[in-house]
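Participant: Pasting in a structure now, in structure tokens, and then I'll have a few things to ask.
Since every read-out is calculated from the coordinates, none of them should be taken as a lab result. Please read all numbers here as calculations on a predicted model, not as lab measurements. Methodologically, a virtual Cβ is constructed for each residue, glycine included, from the backbone with ideal geometry; neighbour enumeration extends over all protein chains shown.
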Amino acid sequence: MSAHLSFLLLAVAVVLAASCRESDPPIEALLPVQAPVHTDTAFTIQVFKTADQGYGYTISISGRKVFNQPNIPAIQHLKPFGTAAEAEAVARLVKQKLEAHILLPALTIHDLDSLHVHYR
């Protein structure tokens, strides 16, 4: 494994450890958004249904889950995405940031608004 990918995985693991509030959804709850999209870094996105009837997403790198987001990021309360499409749109933005080597792909309220995510 290259040093760059090792550093990326370490940085993502630290962010995940600091931000996890819920346990991972069971594997059977993961619903593929589409056939996995592979890039040079092999990022894949999966959208899943949460226990409270909302949606969340995971992002994997080379088959290893590195982001589990059961709630809408950048807002002050825990609320799942209202639709699978909203979860997928946000996951794709995070994936783009990771592909651009932004190791801490933070999102803002402006990002959510630009993607038409309903969070209020």
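Participant: With a Förster radius of 22 Å, plug the Cβ-Cβ distance of A106 and Q53 into 1/(1 + (r/R0)^6) and report the FRET value to the nearest 0.05.
Facilitator: The value I calculate is 0.25.
Participant: Can you check what the net charge comes to around I45, using other residues whose Cβ is under 10 Å from the Cβ of I45 (Lys, Arg +1; Asp, Glu -1)?
Facilitator: Result for the neighbourhood of I45: +1.
Participant: Something else now. Karplus couplings for the stretch 103-119 from phi (6.51 cos²θ - 1.76 cosθ + 1.60, θ = phi - 60°), rounded to Hz, Gly and Pro as x?
Facilitator: Result, ordered by residue: 6, 10, x, 5, 10, 10, 4, 4, 4, 4, 4, 5, 9, 6, 7, 8, 10 Hz.
Participant: What FRET efficiency, computed as 1/(1 + (r/R0)^6) with R0 = 25 Å and r the Cβ-Cβ distance, is obtained for A42 and S114, rounded to the nearest 0.05?
Facilitator: So, using R0 = 25 Å, E works out to roughly 0.40.
Participant: Work out the P(r) tail for the stretch 76-120: percent of alpha carbon pairs separated by more than 12 Å, whole number.
Facilitator: When all Cα pairs of the stretch 76-120 are counted, 62 percent exceed 12 Å.
Participant: Given H placed on each backbone N at 1.01 Å, which residues far from F43 in sequence or on other chains put an amide H within less than 5 Å of it?
Facilitator: Residues meeting the criterion, in which the H sits 1.01 Å from N, are S62.
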